[in-house]
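Reading through the structure tokens given below for one structure.
Coordinate-derived values only; no laboratory data. What you see is a predicted model, and the numbers here were worked out from it, not measured in a lab. Every residue, glycine among them, receives a Cβ derived from its backbone with ideal geometry; neighbour counts consider all protein chains shown.
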Amino acid sequence: MKELMIKFKKAMGAVYAKKPEEMKKFGEFINTVLKDGKLDLKTKELICVGIGITSRCRYCIGLHVEQAFKAGATEEEIMEAGMVAVVMGGGPAYTHLTDLVDAIQRVKEGI
């Protein structure tokens, strides 16, 4: 997972360099949606974790586990969000719990 996230962040930097206006607007959209509203940031990041799992997006899982921890989520809350995702995503989502566990471990170890 660590190598995957390094690759992702490097690639997004390259995309930003080539398409700065579009990436800036996309970033503004994300920041607007994820700011505290009726749902707090932690809840929104836990939703993102679940959607990442049901979408089978390893990059999304890694990124949003990291962001969920930063927003104050506990390992137990992140795992529970993962299990809710399995309810909606079935077997394919279940297999991506391995990515969830890897991402949690990476964040806990600070890598």
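Which of the peptides 56-67, 38-49 is most tightly packed, and how do the rest follow, going by the mean number of other Cβ atoms within 10 Å of each residue? Working shown, then result.
Numbers: 56-67: 21.2, 38-49: 18.2.
Top of the packing list down: 56-67, 38-49.
Can you check what the net charge comes to around Ile6, using other residues whose Cβ is under 14 Å from the Cβ of Ile6 (Lys, Arg +1; Asp, Glu -1)?
Numbers: positive: Lys2, Lys7, Lys9, Lys10, Arg58, Arg106; negative: Glu3, Glu66, Asp102.
My count for the surroundings of Ile6 gives +3.
By the scheme Lys and Arg +1, Asp and Glu -1, what is the net charge of all other residues having a beta-carbon under 14 Å from that of Gly62? The partial results should precede the final answer.
On the way: positive: Lys2, Lys7, Lys9, Lys10, Arg56, Arg58, Lys70, Arg106, Lys108; negative: Glu3, Glu45, Glu66, Asp99, Asp102, Glu109.
Its environment carries a net charge of +3.
Which residues among the stretch 68-111 fall inside the zone where the amide N is under 15 Å from a point 7 Å beyond the Cα of Lys7, along Cα→Cβ?
99
Which angle between 0 and 90 degrees, to the nearest 10, do you get for helix 58-70 versus the longest principal axis of the chain when only C-alpha atoms count?
Relative to the chain, helix 58-70 is tipped by roughly 90 degrees.
What is the ratio of the Cα radius of gyration of the stretch 2-108 to 2.2 N^0.38 Å, with N the residue count, to two decimals? It would help to have the intermediate numbers written out before the result.
On the way: Rg = 14.1 Å, N = 107, 2.2 N^0.38 = 13.0 Å.
Normalised Rg, Cα atoms only: 1.08.
Pulled fully out, how much extra length does the chain show between Tyr16 and Lys70, if you take 0.36 nm times their separation in residues and subtract their Cα-Cα distance? Before the final figure, lay out each step's value.
Details: separation 54, 0.36 × 54 = 19.44 nm, distance 2.34 nm.
Stretched fully, the Tyr16-Lys70 segment lengthens by 17.1 nm.
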